[in-house]
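Engineer: Provided herewith is a single structure, encoded as structure tokens, for subsequent inquiry.
Every number here is computed from the coordinates shown, using simple stated rules; none is lab data. Not measured: the values here are computed from a predicted model. Positions of Cβ are generated from backbone atoms using ideal geometry, with glycine treated the same way; all protein chains shown enter the neighbour counts.
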Amino acid sequence: MEWFGEHQPTAIVTGGASGIGRAVCELLTRDGYRVAVADRDKARADDVAHHIDGVAFGVDVADEASVVAMFDAAVAALGGTLDALATPAGIADTTPFMDISVDVFRRVHDVNVIGTFLCMREAAKRMQRGGRICTVASVAGKRGGGLSGTAAYAASKGAVLALSRSAARALAPQGITVNCVAPGPTLTPMLDEPFAHPGQRERVEAMTLLERSADANEIAEAIVWLLSPRASYVAGETLTVDGGLLLD
């Protein structure tokens, strides 16, 4: 890739052990990147890294010390360079509005918002001009829930949308671009529990123009495009990949 000069492009993917994160790792490898797979589940991250000939690291994205240590180790393992960061790591919550405890709300916020912020900050410290960051929000952050994730999840993903725009402004002078992907319903382990409820999958999929959920690879393709030289003039954008769910 000419964008990165003569060295092999490098990337860190949080939540890379499963779902959208794993698909991103595989597609980045396909495109010639050397990938660090970062996940709280180190054993599954090891499996993905072995599959793609990458490197794996355990991390709790809500813990600052854990994130800093992971970035130090991952960038060293990648040869001292970092060109791209994707942040699919996150958790969902389906607790009804009146039943959400402060502890649950705070945990969802810590992982989805603080975790995204910490990873963007640490990546930016280690990137040169031309670095690219793609965060992962959700259509829930645009429409306030009403699908599977409820108030805590929707609020956290709305915060990721705003955080991504703020980071795009802050990091542009360093030559680092930040964009965001907002997926619609996607068949990953995160939806296993809500889609197990009778009629829930059918209800959600009927809201999309395509009348189906996405495959993880369909979301990952959008993320990888935004991380690539092909998106060289895209900055501060949110790409909604939802099968037409938000089209009224």
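Engineer: By the scheme Lys and Arg +1, Asp and Glu -1, what is the net charge of all other residues having a beta-carbon under 13 Å from that of ILE20? Each step should come with its number before you reach the end.
Structural biologist: Details: positive: ARG22; negative: GLU26, ASP39, ASP215, GLU218, GLU221.
Computed value for this residue: -4.
Engineer: Something else now. Sum -39500 (n - 2.57) across every DSSP H segment of at least 4 residues in the chain, then divide by the residue count to get the 222 nm mean residue ellipticity, nearest 500. If you can, show how the numbers build up before the last one.
Structural biologist: Details: 10 runs with 104 residues, N = 248.
Computed ellipticity for the chain at 222 nm equals -12500 deg cm²/dmol.
Engineer: Additional query: Using Cα pairs closer than 8 Å and at least 6 residues apart in sequence, work out the relative contact order for the chain, in percent.
Structural biologist: Values: 511 pairs, mean separation 46.5, N = 248.
19 percent.
Engineer: To the nearest 0.05, how large is the calculated FRET efficiency for ARG169 and ARG106 if R₀ is 22 Å and r is the Cβ-Cβ distance?
Structural biologist: Values: r = 27 Å, r/R0 = 1.22.
Working from the Cβ atoms, E equals 0.25.
Engineer: If you don't mind, there's one more thing I want to ask. Using a Förster distance of 30 angstrom, determine the FRET efficiency expected from the C-beta separation of TYR233 and GLU202, and round it to 0.05.
Structural biologist: Between TYR233 and GLU202 the formula returns 0.15.
Engineer: Could you give the length gained on full extension between LEU210 and THR94, defined as 0.36 nm per residue of separation minus the Cα-Cα distance, in nm? Display every interim value, and only then the final one.
Structural biologist: Numbers: separation 116, 0.36 × 116 = 41.76 nm, distance 2.42 nm.
Here the segment from LEU210 to THR94 would lengthen by 39.3 nm.
Engineer: Right, something else. Could you compute the net charge surrounding VAL68? Neighbours are other residues with a C-beta less than 10 Å from the C-beta of VAL68; K and R count +1, D and E count -1.
Structural biologist: Details: positive: ARG121, LYS125; negative: ASP63, GLU64, ASP72, GLU122.
Taking every Cβ under 10 Å from that of VAL68, the sum is -2.
Engineer: So which lysines can LYS142 reach, going by Cα to Cα under 18 Å and dropping same-chain residues fewer than 8 places off?
Structural biologist: Output for LYS142: LYS157.
Engineer: Suppose every K and R has +1 on its Cβ and every D and E has -1 on its Cβ; what is the size of the dipole of the range 190-248 about the Cα centre, in Debye to the nearest 20? Walk me through the numbers before you get to the answer.
Structural biologist: On the way: 4 positive and 11 negative charges, 27 e Å.
I would put it at about 140 debye.
Engineer: How far, in degrees from 0 to 90, does helix 216-227 lean away from the longest principal axis of the Cα atoms of the chain, to the nearest 10?
Structural biologist: The helix 216-227 is inclined about 40 degrees to the chain.
Engineer: For each of ARG132, ARG121, ARG106, ARG30, count neighbouring Cβ atoms within 10 Å of the residue's Cβ, then give the residues from fewest to most. Could the numbers behind the result be given before it?
Structural biologist: On the way: ARG132 26, ARG121 16, ARG106 13, ARG30 10.
Result, fewest neighbours first: ARG30, ARG106, ARG121, ARG132.
Engineer: Can I ask one more? Can you list the GluC sites (Glu not before Pro) in the range 1-106 that are in a DSSP coil and have 13 or fewer other beta carbons within 10 angstrom?
Structural biologist: Details: sites: GLU2, GLU6, GLU26, GLU64; in loops: GLU6.
Here the GluC sites (Glu not before Pro) that fit, given the DSSP loop and packing criteria, are GLU6.
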